[in-house]
Every structure is written in C-alpha cells, then in structure tokens.
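Some notes on the structure that comes next.
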Amino acid sequence: MPLSSWVPGADGSGFPAEHLPYGVVSAPGERPRVAVRIGDQALDLARLAADGVVRGPFDRHSLNPFMALGPTAWAAVRERLTSLVCDPAERAAVAPALAPVDGLTAHLPFTVADYVDCYSSIEHATNLGRLFRPDGEPLLPNWRHLPVAYHGRAGTVVVSGTPIQRPWGQRLPPGAAAPVVGPSERLDIELELGVVVGTPSGPGVPVPVAEAPGHVFGVVLVNDWSARDVQAWEYQPLGPFLGKSFATTIGAWVTPLAALDAVRAPGPPQDPEPFPHLRRDPSAPWALALDLAVELCPAGAPAAGEVVTRSSAAGLYWTFPQQLAHLTSNGAHLRTGDLVASGTISGARRGSEGSLIELTRAGAEPLVVAGVERRFLADGDTVTLRAAAAAGPGADAARLTLAEASGTVVPGRPLT
C-alpha cells in the first residue's frame, strides 16, 4: 500500500513520502541549507537538526558532508524522515520547517568532485555509428567489451534552470577546406541519468560490480549539452573536449537510490560475456526502469512546449555498477560528489532517441515542434528532461517523478 503523508498535496504527487529527494535551497536573504522535498514543499533539515528532530550535517551549502557519512547514516535519516512526514503526531514539530518550493532558490545540490560521462546505450551508439560510418560497422570493436566514457568538466555542471550560453569554437563547415571560428550551429542535448557517489573508495582499490551500489547516494537527470560541429572537428584523434565542457545540467533534487528499489531491472543480455570484473549478477539487477521524456519549447512558442522523445533507462546495455567498476579498474578511486552519467539514452523505435542528432538524422529530417522547424537548438529554446516510475508493484503504487533538468539557450559571447 502507498504511504500516506499529512503534508498537504504530497500524496498523489511525484514527490510522495516514498520519494524524499534531497536538495539545497535558500529563502530570500538567507543562506543555503539542505532540504528534502515532499509534494510541493521543502522540508528544512537544518532547522529540524537545530531543533533536535533529526541528526546530520544539514546546515551546509552542499549535500557532500551528509553523503560522505555512508549508507548506514542515509538509511537512518530516511527512516526518520519518512516517519516525520507520515505520522500526524509529528506534525506540530515538523510543519514550521516546511516552505513552498516555488518561493525558494534551488542551488546545485552537491559539490561535483569529478564528472564522467559514459556511452552505455547500444541504441544510441548504433544510431551514431550509422550516421558517422554509413558504410562500416555501427559499433566500434571495443564497445561491447567495456563501458566507453570520457572525463568531463566538473566546474561547468549547473543546476536546472541555469541559462545555457551557446558555445563558440572552431568548426569545419560542410564542403570547406579550412575551419572557422564562431557560435556552434549544431547545438544538441543528451538525455541521461547520472549517479551521485556518496561513499568514496580507496586509491588503487577497484570497486567490484556487486559493491558499487553501496557507494551511490542517489540519482539525477542529466543533460549533457553538446556542440556537435565543434565536437566533430576537435575529437580527432582524442575525444570530446570543448564541444561538451561548456555546460551540463542536472536536476535540483537528488533521488535516493533506496527510493528506486522497485524500479530495478535486469538490463539486456550482454554478448560477448564481459570479463569477470565487469559481469552483472542476474540475481541483483541494477538497470533502472525509469520512463524518460524530453520536452522542447522553441523560442516564442507556448510555454508548455512539446514532448519530442520518450524513452526508458531499462535498456541501457552497461549498468551503473559496471560503469563504476570499470572507472576504478585501473586504480582510480571514487570521491564523494562524483557524478557518473549514463550517456545518451535512446530506444530501439523511432521517436525514442535521446538526442537531436539522432531524432533529425543529423539535420536531414527536421522536427516540427509547436509549428517551428528544428534541426538543432536555436537561441531562446528551452529543453526540459523528465523521468518517472512507480514506487512499487500494483496499480495503486505511488508515482515518483525525478526532479526535472531544464535549461534555456542564450546567445554566446563572441571570441576576441
């Protein structure tokens, strides 16, 4: 049976008592502190800690001190918070610490230590391979053997709602013999999930697949904005750099991994079987069956926008425990605040692709959104990523909604 909360509007929302995601917020004139979202309210954990109602390092501008405490502390606080928002006897002590989310400023919820972006969707990798190598094999020889990834820039990870400045850079126009410098003309999005590391690992100590979930505090939506024309010119022979590093948007509220126990899925079969250190345990599936969507609101269009793609994270070929195991297999260690993203999540059917370069076949088949044609993003366009899943089996199970990851493109600053 779904939990019942005394907080008005919590039951039936995307943020019921089964969810309780963590964020960092501030009221006008006050400094940021840790909060939990319940319905359309934010529960001020710093205030509750000062009153002795909960225990934890919540009078901070980041979740990192709490995340570093590890799974035992996370479970204890989550159990306590669930009781506080469900037991009517706690209402008098808790209600004064609630405030409407709309009246608060949401900040980046954690200090990003390192950012790694993977390439874990076989559909996405295949789609791009067909676009870039139409006469060759879509997948490169290494793809089925390891979770391909690149190291991104932690300092340009931003919270949902932050404007996204169009990047300038070098690009090679079609048919040109030499590159030019200017604003990207092929600005794209990538629909992704990211796991947030709470418990660090030791230097030089690989993290086994089976132990990786114990290091993960929670999950966020990720939009890895991409300048495809800059990327295409620069990535030969190394990889993504300026075409990716200008901005990455994440949701403002981190969904605890414990809230997603009911959405775990086995993931697709892997062939060939991975090396032993990357093998999945079929009895402990860790693909996350979250329903995903991308909404695009073109500049000047109605505020609601339109959904341009729907997908699911259940089909990711490489799961996040495998990603973490691979990341640490060479002796690199996990740090509190690491963000490890899935890479673009695409489905097998048309209309489930997680990027515009796939949806429009590299611009050859433009989308029509709210009456406006789009191949790639224009200034003023707003993109919003969404995700949802049932919190348990049965038709009456609560529905969880991950915090959206949204951004509006604004003109870039010219290079001088």
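For this structure, a couple of remarks:
- Within the chain, longest stretch free of exposed chymotrypsin sites (Phe, Trp or Tyr not before Pro) [DSSP loop, at most 16 other beta carbons within 10 Å]: 1-234
- Bins of 10 Å from zero: percent of alpha-carbon pairs in segment 53-135: 12, 27, 27, 14, 13, 6, 1
- Measure of compaction for segment 55-95 (Cα Rg per 2.2 N^0.38 Å): 1.31
- Axis of helix 122-132 versus longest Cα principal axis of the chain: the two differ by about 30°, to the nearest ten degrees.
- Once you divide the Cα radius of gyration of segment 262-416 by 2.2 N^0.38 Å, the number left is 1.24.
- Low-density loop positions, trypsin sites (Lys or Arg not before Pro), segment 347-416 - DSSP coil, at most 10 other Cβ in 10 Å: ARG349, ARG350
- Our summary gives the chain a relative contact order of 22 percent, counting only alpha carbon pairs under 8 angstrom and 6 or more residues apart.
- Shape parameters for segment 1-50, alpha-carbon atoms, Rg then Dmax in Å: 11.8, 41
- Isotropically averaged projected area of the chain, using the convex hull of Cα atoms (one quarter of hull area), nm²: 21.7 nm²
- Helix 71-86 and the long axis of the chain differ in direction by around 60°, with both axes built from C-alpha atoms.
- Euclidean distance between Cα centres, segment 159-223 to segment 339-399, Å: 16 Å
- Per-q log10 I(q)/I(0), segment 206-350, q = 0.15, 0.19 Å⁻¹ (Debye; single scatterer per alpha-carbon; no solvent): -0.96, -1.39
Quick note: the coordinates plus some simple rules give every number you see, no bench work behind them. Remember, it's a predicted structure, so these values are computed and weren't measured experimentally. For neighbour counting, all protein chains shown are included, and Cβ atoms are generated from backbone atoms with ideal geometry for every residue, glycine included.
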